[in-house]
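Note sheet for the following structure.
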Amino acid sequence: VLDRSGSMSDDVGNSMTRLDKAKQIIENYLKNEVPDGTLVGLVAFDDEPSLISPFQPVNDAYKATLRDDLDKITADGGTCFHPAIEMAITNKDLINNVTEAGTILFVTDGENNNNDRCKITDEIIVSAVTLQTRLVKTEIGVDVQDESIKELFSQTGGETVSIDSNLDVKKFQGVLDRVFQLCKCDEEGLQYFASGRLGGNCQTVYNGGLWCYVEDLVSRGCSDLRDSMYAGRMWSYQACTEREKDATVPPLVLDSDYEIYDLN
């Protein structure tokens with residue numbers, strides 16, 4: 001759900017506007033967080049929402065179509081949260097009878113218009129809770145204080161990430177990983193050294209399987225989590241299996257930049 005209100009035309013440096021930054025956020029989301037086959041739809045809003053694309057299974061062709069649709073969106077008008085959230089949760093042309101739990105990536109730069117029509121209602125909050133919908137509120141250069149959307153996030157276990165003029169892709173992806181409960185190896189390729197050998201990072205076998213350390217941000221997605229002998233860390237076999245299935249992730253090779261825990 002993308003804010004296209006007039007303030008999104010404000011400059012954030014490097015010849016980019018807030019709307020450009022928002023589009024970059026969504027493109028990073030599609031590129032790095034959405035497996036093929038996932039149902040994705042797009043709503044843009046100012047004073048009124050527009051259905052840009054109903055839910056469709058993601059593939060390379062659909063991602064290209066969404067990028068083209070994003071390019072055509074321009075900034076104008078006010079900022080009205082409720083109709084946009086309502087469309088994302090209840091509009092039958094968008095959801096196409098989808099009843100499974102989902103996540104709304106809500107990208108905005110501003111405050112909600114101060115009128116009853118724009119405040120998110122209790123009915124919408126109940127609908128979101130019933131459908132187990134989670135929201136990721138992405139704030140571009142502002143701290144959104146609207147109480148109605150705070151309540152929506154509170155009731156649905158939502159997440160908030162603030163983005164300044166320098167898009168912190170790792171921070172942003174970390175929040176999405178936590179929300180989607182993915183199972184991923186630690187991005188730093190952590191290994192340990194004990195008994196004269198290195199272990200971890202899907203490089204060595206333990207009890208019949210390759211394993212790796214898992215970051216706390218993404219640990220909820222792994223069904224086989226185990227506590228590490230290194231305090232505060234967890235590890236998983238499943239994360240290595242998921243990495244192997246993901247052809248877009250190159251295999252990690254140990255080099256001098258990786259941190260190694262010496263447990264001897």
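Values quoted throughout were computed directly from the atomic coordinates according to the rules given, and no laboratory measurement underlies them. All values derive from a computational prediction rather than experimental measurement. Cβ sites come from the backbone with ideal geometry, for glycine too, and all protein chains shown count toward neighbours.
Starting with the highest mean, order 105-113, 75-83 by the number of other Cβ atoms within 10 Å, averaged over the residues of each peptide. Please report the intermediate quantities before stating the final value.
Values: 105-113: 22.0, 75-83: 19.1.
Per-residue Cβ counts within 10 Å, averaged per peptide and sorted highest first, yield 105-113, 75-83.
Rounded to the nearest 0.05, what FRET efficiency is calculated for residue 130 and residue 50 with R0 set to 25 Å and r the Cβ-Cβ distance?
0.50
State, to one decimal in nm, how far the label point of residue 226 lies from the label point of residue 61, with both points 7 Å from Cα in the Cβ direction.
Each label point is offset 7 Å from its Cα along the Cβ direction, giving 4.4 nm.
Beyond 22 Å between alpha-carbons counts as too far, so tell me which of 31/119; 31/72; 23/72; 31/137; 63/119 fall in that bin.
Values: 31/119 32 Å; 31/72 19 Å; 23/72 11 Å; 31/137 19 Å; 63/119 32 Å.
The answer is 31/119; 63/119.
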